[in-house]
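**Q** One structure coming up, written as structure tokens, with questions to follow.
The values are calculated or read from the model by the stated rules, or taken from the named source; none is laboratory data. The model shown is predicted, which means the values in this text are computed figures rather than measured ones. Neighbour counts run over all protein chains shown; Cβ positions are idealised from the backbone, glycine included. Note: accessible area is taken over every heavy atom of the protein model, side chains too, but ligands, DNA and RNA are not part of it. Shrake-Rupley method; radii C 1.70, N 1.55, O 1.52, S 1.80 Å.
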Amino acid sequence: MADLHPDNPYAKVRFPDRGKLVEFLPDAKKRFDHILTRYPTKEAALLPTLHLAQEEWGWISPEVVHYVGSLLDLSPATVFGVVSFYNMYNQKPVGKYHLQVCTNLSCMVTNAYDIYEHLCEKLGVNPGETTGDGRYTVAEVECLGSCGTAPVVQVNNDYHENMDVRKMDELLAKLK
Amino acid sequence: MQPIKVLTANIDKPNSASVETYLESGGYAAARKALGMKPDEIIQLVKDSELRGRGGAGFPTGSKWGFVPKNAPKPTWLLCNADESEPGTFKDRVIIEKDPHLLIEGMIISAFAIGSNPMSYIYIRGEFHYGAMVLEKALEEARAKGFLGKGIFGSNFDFDITVHRGAGAYICGEETGLIESLEGHRGQPRVKPPFPAVIGVFGGPTVVQNVETLACVPFIVDKGAEWFKGFGSPKNTGPKLYCVSGNVKKPGVYEFPIGVNLKELIYEHCGGITNDRKLKAVIPGGASAPMLLPHEIDLALNFDDVMKAGSMLGSAGIIVLDESVCIVDAVWRLAKFFAHESCGQCTPCREGTNWMESILDRMERGEGRQQDADLLLDMADNIGGKSLCALGDAAIGPVISSVKKFRDEYLHHVTHKSCLPGTKRYRRLDMPVAAH
Ligand SMILES: Cc1cc2nc3c(=O)[nH]c(=O)nc-3n(C[C@H](O)[C@H](O)[C@H](O)COP(=O)(O)O)c2cc1C
Ligand code: SF4
Ligand code: FES
């Protein structure tokens with residue numbers, strides 16, 4: 001599997017040598033089975049299953065698209081259509097820390113672009129790109145529903161509120 | 001007007017999200033009471049309360065419940081809209097994270113009233129990981145107490161709730177987009193009619209209701225329609241959460257009887273404008289709402305008065321912009337949002353939102369043309385009312401209102417190839433742009 005993704009520094013870690021197929025480990029499989037019980041159709045389980053897959057592998061690779069499709073009796077094209085529609089499904093590998101800066105209006109007028117531009121410059125990446133060591137991905141995102149504590153930076157699952165450039169640097173120092 | 005604590009009564013208590021705290025404050029009594037009533041009585045009560053939807057459209061909730069057919073061939077569904085993606089809005093998050101049992105109780109009562117069982121969904125935006133976790137925990141607590149599950153409160157009503165996480169798409173807040181997304185599809189809105197109340201999710205009658213709307217329901221059942229109407233004015237009733245953000249000293253969520261004065265809210269309760277600058281414009285109802293000028297804000301923030309002032313209360317996301325903000329830059333940022341979030345089904349919305357973003361961007365870059373302000377209005381005219389869902393109409397709100405109210409500032413960008421003196425653009429123009 002790793003050899004299919006030469007540009008992914010994490011491929012070797014994320015796809016330990018388990019043949020050419022991706023497959024949920026027993027724990028994830030159990031969670032998947034539970035998801036199925038919560039919906040009247042198999043198709044409705046697609047979004048939660050993709051979330052689960054992304055937790056497992058970090059991104060939705062073409063192999064994952066096929067695998068999820070096979071679990072839910074959906075064609076890879078249908079699954080990919082859904083994956084590409086939603087912002088949160090990573091269509092390429094992201095860094096260990098996904099730094100997502102909200103730059104929508106309330107965050108913009110409280111200087112979110114300073115943070116965003118500082119991050120790109122300091123880490124030497126273009127928007128949406130990952131640092132060479134695979135550690136950080138910087139992205140600009142839309143309103144995170146936390147405008148009262150703007151500006152907001154989401155790192156992986158967590159919100160960091162009332163941010164500024166200095167606090168961002170302090171946070172970055174902790175994200176090794 | 002003084003702030004109140006109805007929907008926010010519990011949020012400052014320690015362990016506010018736990019079922020014990022909720023029960024101590026009299027929680028789940030309304031659900032117990034409601035399950036002893038006839039469903040039609042509850043619907044009538046909600047109609048009498050004049051409760052209007054808090055998600056954006058302000059549609060009367062009781063009337064919507066009344067549209068649900070009684071003997072539909074397929075099951076009826078109640079869906080909670082916790083997508084909260086309208087820029088400037090962050091109120092549902094407070095209820096979800098701090099008082100999740102209030103939402104659960106509201107859902108139990110609403111589901112019983114419309115005959116939705118045995119499953120319901122909370123469609124929560126994917127970014128709210130923490131909120132989803134709090135909800136999962138609260139649901140577990142409610143199940144353990146027998147408030148969810150088979151035959152709840154000793155009735156023969158079976159009911160359970162599943163938290164369904166979205167995955168980053170504003171359009172899934174639109175109710176038919178939400179329904180499509182819940183079914184496992186791309187969140188592309190449906191043609192109406194049929195309205196969701198007749199044919200919605202999984203082919204059955206469906207009622208989609210905002211978090212705050214559902215949170216009002218236990219109070220109506222508990223304290224009555226007259227009590228509820230004691231807040232606000234006729235047809236604009238109840239407690240209301242207001243989200244204030246942008247250039248104000250004390251941003252945050254404030255609760256008032258619906259209809260607090262906008263000027264008072266900004267200058268008294270939120271402490272005025274940051275650094276005591278002058279006010280430039282206010283967006284009163286989330287990114288989709290047309291802008292108001294400083295002389296237009298002596299205004300009661302309820303559905304009808306804001307509408308009369310030429311804007312909308314929407315989600316009550318109030319974004320305050322001070323005199324140092326370049327209006328073209330601000331509107332560009334909103335245009336960029338709508339271009340990014342257009343689901344792409346209708347040509348006017350898909351193409352138009354992108355063109356508006358490009359034109360605003362070129363004006364900021366000093367490459368604007370003399371006719372660009374009118375071109376923007378012309379494009380807005382080609383989108384408004386010509387798209388399938390309300391996103392198209394939302395996208396033109398800030399554009400039309402700002403071109404009309406700040407035309408000189410737009411023209412300045414063309415003639416002087418720069419922002420108005422004293423105003424600033426927040427972003428650098430030399431950053432590479434990530435693809436949509
Ligand atoms: C583009 C768009 C986005 C919307 N986003 C939300 C949202 O995030 N949350 C919400 O409750 N309603 C949202 N709505 C409104 C819903 O379509 C719907 O009117 C609402 O959920 C109904 O519930 P209510 O009557 O309780 O307000 C949105 C509407 C549109 C057109
Ligand atoms: S108006 Fe825009 S968002 Fe709505 S259905 Fe059409 S293309 Fe999609
Ligand atoms: S604008 Fe950044 S969180 Fe809403």
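**Q** Considering only protein heavy atoms, what per residue accessible area in square angstrom results for the protein assembly as shown with a 1.4 angstrom probe?
**A** For the protein assembly as shown, the solvent-accessible area averages 39 Å² per residue.
**Q** Follow-up. Tell me, what HN-Hα J-couplings in whole Hz come from the Karplus equation 6.51 cos²θ - 1.76 cosθ + 1.60 at θ = phi - 60° for each residue of the stretch B:77-94, using x for Gly and Pro?
**A** Going residue by residue, I get 10, 9, 10, 9, 8, 10, 6, 5, 10, 5, x, x, 10, 8, 8, 4, 4, 4 Hz, with x marking Gly and Pro.
**Q** By what distance, in whole Å, do the Cα atoms of the stretch B:235-322 stretch along each of the three principal axes, largest value first?
**A** 38, 23, 20
**Q** Now a separate question. Per residue in the stretch B:179-199, which ones lose no less than 10 Å² of accessible surface when going from chain alone to all protein chains (1.4 Å probe)?
**A** B:SER181, B:LEU182, B:GLU183, B:GLY184, B:HIS185, B:ARG186, B:GLY187
**Q** Between B:LYS278 and B:ASP430, what length in nm is gained on full extension when 0.36 nm per residue of separation is reduced by their alpha carbon distance?
**A** Difference between extended and current length: 51.7 nm.
**Q** Hey, another quick one. Can you list residues whose amide H is under 5 Å from B:GLY232's amide H, if they're 5+ apart or on another chain and H is modeled 1.01 Å from N?
**A** B:GLY238, B:ILE258
**Q** What average count of beta carbons from other chains do you get within 10 Å of the Cβ of residues in A:95-105?
**A** That average works out to 3.
**Q** Chains B and A: what accessible area do they bury, summed, in square angstrom to the nearest 100, with a 1.4 Å probe?
**A** Its buried surface, counting both partners, is about 4300 Å².
**Q** Another question, if that's okay. Which of rounded, prolate or oblate describes the stretch A:97-175 when judged by the alpha-carbon gyration tensor and an a/c cut-off of 1.5?
**A** The shape class here is prolate.
**Q** Per residue of B:325-335, how many C-beta atoms from partner chains lie within 10 Å of its own C-beta, taken as a mean? Write down the numbers at each step before the final one.
**A** On the way: counts 3, 0, 0, 0, 4, 3, 1, 1, 9, 3, 0.
Averaged over the peptide's residues, the number is 2.
**Q** Could you work out the relative contact order of the stretch B:42-168? I mean the mean sequence separation of Cα pairs under 8 Å and 6+ apart, divided by the number of residues, in percent.
**A** 24 percent
**Q** What ranking do B:266-274, B:157-165 get when scored by the average of other Cβ atoms within 10 Å per residue, highest first?
**A** In decreasing order of mean packing, B:266-274, B:157-165 become B:157-165, B:266-274.
**Q** Would you calculate the separation in nanometres between label points at A:GLU161 and B:LYS137, each defined as 7 Å from the Cα along the Cα-to-beta-carbon direction?
**A** 1.6 nm
**Q** Still on this structure, please answer the following. Highest GNM mean-square fluctuation, chain A, Cα pairs closer than 10 Å: which of A:PRO76, A:PRO48, A:PRO26?
**A** Looking only at A:PRO76, A:PRO48, A:PRO26, the largest GNM fluctuation is found for A:PRO26.
**Q** Which shape class applies to the stretch B:313-384: rounded if a/c is under 1.5, otherwise prolate when a/b exceeds b/c and oblate if not, where a ≥ b ≥ c are the square roots of the Cα gyration tensor eigenvalues?
**A** Oblate, because a/c is 1.5 or more while a/b does not exceed b/c.
**Q** Kindly state, to the nearest 0.05, the FRET efficiency for B:GLU24 paired with B:GLN2, given R0 = 30 Å and r defined as their beta-carbon distance.
**A** Result of the calculation: an efficiency of 0.75.
**Q** For a protection proxy built on the mean count of beta-carbon atoms within 10 angstrom, sort A:30-43, A:89-102 highest first, please.
**A** Working: A:30-43: 14.4, A:89-102: 20.7.
By packing density, highest mean first, the sequence is A:89-102, A:30-43.
**Q** For chain B, what size does the Cα cloud have along each of its three principal axes, sorted from largest down, in whole Å?
**A** 73, 45, 37
**Q** Same structure, new question: Once you've got the GNM for chain B with C-alpha springs shorter than 10 Å, pick whichever of B:SER342, B:SER418, B:SER245 has the biggest mean-square fluctuation.
**A** Highest fluctuation among the options: B:SER418.
**Q** Provide the net charge surrounding A:VAL152, with neighbours chosen by a C-beta distance below 13 Å and charges set as Lys +1, Arg +1, Asp -1, Glu -1.
**A** Spelling it out: positives minus negatives among the neighbours equals -4.
**Q** Name the residues of the stretch A:25-57 whose accessible area falls by at least 40 Å² when all protein chains are present instead of the chain alone, probe 1.4 Å?
**A** A:ARG38, A:TYR39, A:PRO40, A:GLU43, A:ALA44, A:LEU47, A:HIS51
**Q** Set the bar at 27 Å for Cα to Cα. Now go through A:LYS29/B:LYS192; B:LYS223/B:LYS308; B:LYS64/B:LYS235; B:LYS250/B:LYS278; B:LYS64/B:LYS249 and name every pair that lies beyond it.
**A** Check vs 27 Å cut-off fails for A:LYS29/B:LYS192; B:LYS223/B:LYS308; B:LYS64/B:LYS249.
**Q** Continuing with the same structure: Give the carbon-plus-sulfur fraction of the accessible surface of the stretch A:25-95 in %, rounded to a whole number; probe 1.4 Å, heavy atoms of protein chains only. Please list the in-between numbers first.
**A** Details: 1740 of 3060 Å².
Carbon-and-sulfur percentage of accessible area, whole number: 57.
**Q** I need the phi-derived Karplus couplings for the stretch B:6-21: 6.51 cos²θ - 1.76 cosθ + 1.60, θ = phi - 60°, integer Hz, Gly and Pro marked x.
**A** Here the 3J(HN,Hα) series is 10, 5, 9, 4, 8, 5, 8, 6, x, 6, 4, 7, 7, 5, 4, 4 Hz.
**Q** Continuing with the same structure: Starting from the Cα-Cα distance between B:ARG407 and B:LYS263, subtract it from 0.36 nm times their residue separation and give me the gain in nm to one decimal.
**A** This chain segment gains 49.4 nm when fully extended.
**Q** Rg(Cα) of the stretch B:19-229 divided by 2.2 N^0.38 Å?
**A** 0.93
**Q** Also, I was wondering about something else. Could you work out the relative contact order of chain B? I mean the mean sequence separation of Cα pairs under 8 Å and 6+ apart, divided by the number of residues, in percent.
**A** Result for chain B is 16 percent.
**Q** Sort the stretch B:1-119 into rounded, prolate or oblate with this rule: let a ≥ b ≥ c be the square roots of the eigenvalues of the Cα gyration tensor; rounded if a/c is under 1.5, and if a/c is not under 1.5, prolate when a/b is larger than b/c, oblate otherwise.
**A** prolate
**Q** Could you please state, rounded to a whole Å, how far the C-alpha centre of the stretch A:63-112 is from the C-alpha centre of the stretch B:41-104?
**A** Each part reduced to its Cα centre gives a spacing of 29 Å.
**Q** Within a 10 angstrom radius of each residue's Cβ in B:283-290, how many Cβ atoms of other chains show up on average? Whole number is fine.
**A** Details: counts 2, 0, 0, 2, 5, 0, 0, 0.
So the per-residue partner count for this stretch is 1.
**Q** Continuing with the same structure: To the nearest 20 debye, what is the magnitude of the charge dipole of the stretch A:18-155 about its Cα centre, counting +1 on the Cβ of each Lys and Arg and -1 on the Cβ of each Asp and Glu?
**A** 420 debye
**Q** Now for a different question. Mind checking the dipole of chain B: about its Cα centre, +1 per Lys or Arg Cβ, -1 per Asp or Glu Cβ, Debye to the nearest 20? Working shown, then result.
**A** Numbers: 49 positive and 52 negative charges, 16 e Å.
With only Lys, Arg, Asp and Glu charged at Cβ, the dipole is about 80 debye.
**Q** Another question about this same structure. According to the Cα gyration tensor, what semi-axes, each the square root of 5 times an eigenvalue, does the equivalent ellipsoid of the protein assembly as shown have, listed from largest to smallest in whole Å?
**A** 36, 33, 22
**Q** Now for a different question. Pull up all non-local amide H partners of B:VAL163: gap of 5 or more, or a different chain, and H-to-H distance under 5 Å with H placed in the peptide plane.
**A** Under 5 Å from the amide H of B:VAL163 lie the amide H atoms of B:ILE122, each far enough along the sequence or on another chain.
**Q** Would you work out the charge dipole size for the protein assembly as shown about its Cα centre, treating the Cβ of every Lys and Arg as +1 and the Cβ of every Asp and Glu as -1, and quote it to the nearest 20 debye?
**A** I would put it at about 500 debye.
**Q** Given H placed 1.01 Å from N in the peptide plane, which residues other than close sequence neighbours of B:ASN210 have an amide H under 5 Å from its amide H?
**A** B:ARG54, B:GLY55, B:ASN81
**Q** Distance in nm between label sites at A:GLU55 and B:ASN156, each 7 Å beyond Cα in the beta-carbon direction?
**A** Simple spin-label model gives 3.8 nm for this pair.
**Q** If you don't mind, another one. Top mean-square fluctuation among B:LYS280, B:LYS308, B:LYS235, Gaussian network model of chain B, C-alpha springs under 10 Å?
**A** B:LYS308
**Q** Just want to confirm a number: the relative contact order over the stretch B:327-416, from Cα pairs under 8 angstrom separated by 6+ residues, in percent.
**A** That works out to 36 percent.
**Q** Leaving ligands, DNA and RNA out of it, report the carbon-plus-sulfur percent of the accessible area of the stretch B:19-229 at a 1.4 Å probe.
**A** Of the solvent-accessible surface of the stretch B:19-229, carbon and sulfur hold 54 percent.
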